[in-house]
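The values are calculated or read from the model by the stated rules, or taken from the named source; none is laboratory data. The shown structure was predicted, so the numbers you read here are calculated from the model rather than taken from an experiment. Reconstructed Cβ throughout: ideal geometry from the backbone, glycine too, with neighbour counts over all protein chains shown.
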Amino acid sequence: MANISQQRFVTPDGIHIVADVGGRPGGPSVILLHGGGQTRHSWAGAMRRLVDDGYFVMNYDARGHGESDWSPAGDYSLPALASDLLSIAATIEGRKALVGASMGGMTSFYAIGSSGGHVADALVMVDIVLRPAPAGADKIRRFMTSHPDGFASLAEAADAVAAYNPDRPRPADPSGLRRNLRLREDGRLYWHWDPRLMDVSPSAEPPSFTQALEQVSGAVRVPTLLVRGEHSNIVDDEGVADMRRRVPQLEVHDVAGAGHMVAGDRNDAFNKGVLSFLNRHFPVR
């Protein structure tokens with residue numbers, strides 16, 4: 001069983017970042033970056049599996065999400081997110097792999113491509129390409145900007161999630177959703193992320209950092225895996241073909257029965273695909 005502890009970091013602009021860490025320091029390390037509107041808890045199953053397989057794992061809440069600070073200036077730009085990642089990665093010695101979902105994948109890709117130095121030895125992008133499908137991106141934006149007045153109950157929040165993702169079986173007990181919500185003084189529950197995230201132009205989620213990512217794509221030369229959900233409305237064949245042209249070393253792993261939230265939809269299949277890639281390109285031994 002993985003032994004997980006909590007650690008805190010301070011970014012160059014003073015944002016306090018909360019992370020879960022596990023595994024043996026000094027070994028090959030994996031940094032997990034969640035998607036926009038999520039928290040580090042979305043990686044819980046994958047983190048335990050990676051630690052059990054011998055990796056040192058760092059899994060953090062991005063600025064404006066979960067237990068990490070919100071940016072006083074509302075800065076959720078791609079350079080800011082990448083700067084946070086680079087400052088955290090600098091605290092880890094040895095070889096590193098980055099695994100990022102959606103916003104986290106874009107952050108990882110941009111950090112590797114724009115830094116001018118060596119950032120990571122392998123990259124996994126979870127259901128995100130440089131040119132996301134517009135219809136899927138619009139659906140995410142509509143969901144993330146809905147319910148600005150929060151929810152009266154946990155069940156009401158669960159109803160909203162079920163309406164957004166009707167293909168995923170609704171859990172009998174919605175209590176796990178509580179980690180993604182904050183109880184405010186008005187007695188209502190609100191999503192556990194800063195709504196100003198959606199005010200950034202281009203915004204971090206839904207993915208619209210296309211131009212910046214394309215500009216740095218030529219510098220991303222590390223082994224790269226795209227994990228795509230079979231029913232993804234974000235990653236289509238056109239987006240995959242475009243990314244193959246820009247990142248010729250790209251490998252693609254399709255997860256049957258999964259949508260955009262690949263790790264949550266089919267965690268075992270997701271873990272199998274990621275670990276197969278890491279064992280080939282970023283082995284523990």
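This table checks each residue for (1) assigned to a helix (DSSP H, G or I); (2) touching a residue at least 12 places away in the same chain (Cβ under 8 Å); (3) out of contact with any Ser or Thr (no Cβ under 8 Å at 6 or more places or on another chain); (4) under 23 Å from D53 (Cα atoms).
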| residue | (1), (2), (3), (4) |
| --- | --- |
| L226 | no, yes, yes, yes |
| N233 | no, yes, yes, no |
| V240 | yes, yes, yes, no |
| R245 | yes, no, yes, no |
| E251 | no, yes, no, yes |
| A263 | yes, yes, no, yes |
| F270 | yes, yes, yes, yes |
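Please work out which one of (1) at pLDDT 95 or above; (2) assigned to a loop (DSSP other than H, G, I, E, B); (3) of a type in the set (D, E, K, R); (4) surrounded by fewer than 23 Cβ atoms within 10 Å (Cβ to Cβ) is the condition D75 fails and give its number.
Condition (1) is where D75 drops out.
Tell me the residue from A122, A158, A133 that is crowded, with 18+ Cβ neighbours inside 10 Å, over 23 Å from R228 (Cβ atoms) and small (G, A, S), please.
Going through A122, A158, A133 in turn, just one is crowded, with 18+ Cβ neighbours inside 10 Å, over 23 Å from R228 (Cβ atoms) and small (G, A, S): A158.
Is there any pair with a first residue in segment 28-50 that is more than 19 Å from G176 (Cα to Cα) and in a helix (DSSP H, G or I) and a second that is among the polar types (S, T, N, Q) and modelled with pLDDT under 90 whose Cβ atoms are under 9 Å apart and which are 6 or more apart or on different chains, and what are they?
R49/N267; R49/N271; L50/N271
State all residues of segment 143-167 that are at pLDDT below 85 and within 24 Å of R196 (Cβ to Cβ); if no residue qualifies, say none.
Hit for segment 143-167 is Y164, nothing else.
Go through segment 56-72 residue by residue and tally those that are crowded, with 24+ Cβ neighbours inside 10 Å and more than 16 Å from the chain's Cα centre (by Cα).
0
Considering D127, D167, which residue is charged (D, E, K, R) and within 30 Å of V284 (Cα to Cα)?
D127
Evaluate the following for S115: is it under 30 Å from E214 (Cα atoms), among the hydroxyl-bearing types (S, T, Y), under 15 Å from the mean Cα position of the chain (by Cα) and surrounded by 12 or more Cβ atoms within 10 Å (Cβ to Cβ)?
Here the answer is no, as S115 does not meet what is asked.
For the condition surrounded by fewer than 18 Cβ atoms within 10 Å (Cβ to Cβ) and of a type in the set (K, R), what is the one hit in R196, R266?
Every option except R196 fails the conditions.
Identify, by number, the condition in (1) in contact with a Gly (Cβ under 9 Å, 6 or more places away or on another chain); (2) modelled with pLDDT under 90 that R170 doesn't meet.
The one condition R170 does not meet is (1).
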